[in-house]
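The values are calculated or read from the model by the stated rules, or taken from the named source; none is laboratory data. All figures in this text were calculated on a predicted structure; none of them were measured in a lab. Cβ coordinates were reconstructed from backbone atoms using ideal geometry, including for glycine residues, and neighbour counts include every protein chain displayed.
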Amino acid sequence: MAEIKALKLAFDVPGANFDRAGEASAKLKRTLQQVGVPAEVIRRVAIGSYEGEINLIIHAGGGQLQAEIYPDHTRVIVSDQGPGIPDVKEAMQEGYSTASEEARAMGFGAGMGLPNMYNCADAFEIQSKVGWGTIITMDFKHQDR
Amino acid sequence: MTLLEVVQALDAEILYGQTLLDRELETCCGSDLMSDVLAFTKRNTLLCTGMTNIQVVRTADMTDLGGLVIVRGKRPPASFLEEAEAEKLPVLATKHTMFETCGILYACGLKGCSVKE
């Protein structure tokens with residue numbers, strides 16, 4: 001059986017630069033539109049990816065956003081070598097936030113990012129260790145819910 | 001409710017979107033918190049906000065919003081409108097406060113993005 005190759009995208013997300021926050025997710029969104037993924041699915045991928053991008057900027061001093069687009073699903077990997085999350089369970093709670101005043105002034109840091117990523121994705125995995133960084137993997141099936 | 005009806009109800013100025021006034025909006029959201037817009041809106045929602053930073057346009061793009069109303073007589077910077085134009089995202093400005101804007105649109109029959117269906 002022929003191996004199914006993914007269309008892979010990778011972006012470096014610079015830290016502490018809100019002006020550019022969302023550029024990588026916007027490019028991912030355009031690519032998904034070009035390959036004909038359903039609009040409702042693209043919206044969930046874009047939101048999950050954008051929340052991840054914002055988190056890289058607010059919390060991690062930047063990082064990487066990668067996407068692998070397969071015929072039946074898209075995988076988004078958000079990774080950084082930032083401070084890590086001491087208590088992932090606590091960070092996953094709606095409303096829990098350690099965001100800066102600057103982030104809040106831009107309308108973010110309400111403690112909805114991780115829960116929203118979890119809700120948007122069909123599968124969500126987070127690995128984090130203090131002093132090592134964080135890797136979040138989200139899978140999105142190419143079918144409406 | 002069409003965008004043109006929103007313009008008329010709010011006595012709003014069209015900052016971008018003159019050719020998109022027949023766009024039909026299904027729901028409306030009033031928020032300055034982009035985190036909540038990302039979590040609670042639906043496609044084709046009209047967002048009323050007092051925020052004028054570029055992240056409002058990016059959030060609108062990611063969530064497939066139908067249009068923006070900038071409240072309290074505020075003016076977004078040129079870069080905001082340039083990006084809105086690139087995304088074909090209509091931007092209106094009204095002198096009404098957030099509370100008044102939401103009240104007027106609700107009275108016109110526009111529905112909110114209820115958390116529970």
Selected residue (only one of A:32, A:28 is more than 11 Å from every other protein chain (Cβ to nearest Cβ) and in a helix (DSSP H, G or I))
A:32
Of the conditions (1) basic (Lys, Arg); (2) surrounded by 14 or more Cβ atoms within 10 Å (Cβ to Cβ); (3) touching a Ser or Thr at 6+ places or on another chain (Cβ under 7 Å), residue B:58 fails just one. Which one is it?
(3)
Failed item, numbered, when residue B:76 is tested on (1) of a type outside the set (Gly, Ala, Ser); (2) outside any loop (DSSP other than H, G, I, E, B); (3) away from every other protein chain (no Cβ under 13 Å):
(2)
Note on residue B:86: of the conditions (1) under 13 Å from the mean Cα position of the chain (by Cα); (2) within 13 Å of another protein chain (Cβ to nearest Cβ); (3) modelled with pLDDT of 95 or more, unmet is (1)
Have a look at B:101, B:45 and point out the one that is on the phi < 0 side of the Ramachandran plot, within 13 Å of chain A (Cβ to nearest Cβ) and of a type in the set (Ser, Thr, Tyr).
B:45
Unmet requirement for residue B:42, which otherwise passes all of (1) in contact with a Cys (Cβ under 7 Å, 6 or more places away or on another chain); (2) part of a strand (DSSP E or B)
(2)
Considering only region A:7-28, I want to know if a residue exists there that is of a type in the set (Val, Ile, Thr) and more than 13 Å from the chain's Cα centre (by Cα).
no
Within region A:1-34, how many residues are within 20 Å of residue A:72 (Cα to Cα) and surrounded by 18 or more Cβ atoms within 10 Å (Cβ to Cβ)?
4
Could you tell me which residue of region A:35-63 is surrounded by the fewest Cβ atoms within 10 Å (Cβ to Cβ), considering only residues that are more than 14 Å from every other protein chain (Cβ to nearest Cβ) and farther than 21 Å from residue B:55 by Cβ?
A:36
Members of region B:52-70 that are within 14 Å of chain A (Cβ to nearest Cβ) and either of a type outside the set (Val, Ile, Thr) or over 19 Å from residue A:54 (Cβ atoms) (or both)
B:53, B:55, B:58, B:60, B:61, B:62, B:64, B:65, B:66, B:68, B:70
Within region A:92-104, can one find any residue that is at pLDDT below 95, closer than 30 Å to residue A:36 by Cα and within 13 Å of another protein chain (Cβ to nearest Cβ)?
no
Which of the residues belonging to region B:10-39 are more than 11 Å from chain A (Cβ to nearest Cβ), free of Cβ contacts under 8 Å to residues at least 60 places away in the same chain and not in a loop (DSSP other than H, G, I, E, B)?
B:18, B:19, B:24
Those strands (runs of 3 or more DSSP E) lying entirely in region A:64-145 with at least 2 residues charged (D, E, K, R) and buried (at least 17 other Cβ atoms within 10 Å of the Cβ):
A:73-80
Test each condition in (1) outside any helix (DSSP H, G or I); (2) at pLDDT below 95; (3) within 14 Å of another protein chain (Cβ to nearest Cβ) for residue A:19 and report the one that comes out false.
(1)
Kindly list the number of the only condition in (1) β-branched (Val, Ile, Thr); (2) in contact with a strand residue (DSSP E or B) (Cβ under 6 Å, 6 or more places away or on another chain); (3) within 14 Å of another protein chain (Cβ to nearest Cβ) that fails for residue A:69.
(3)
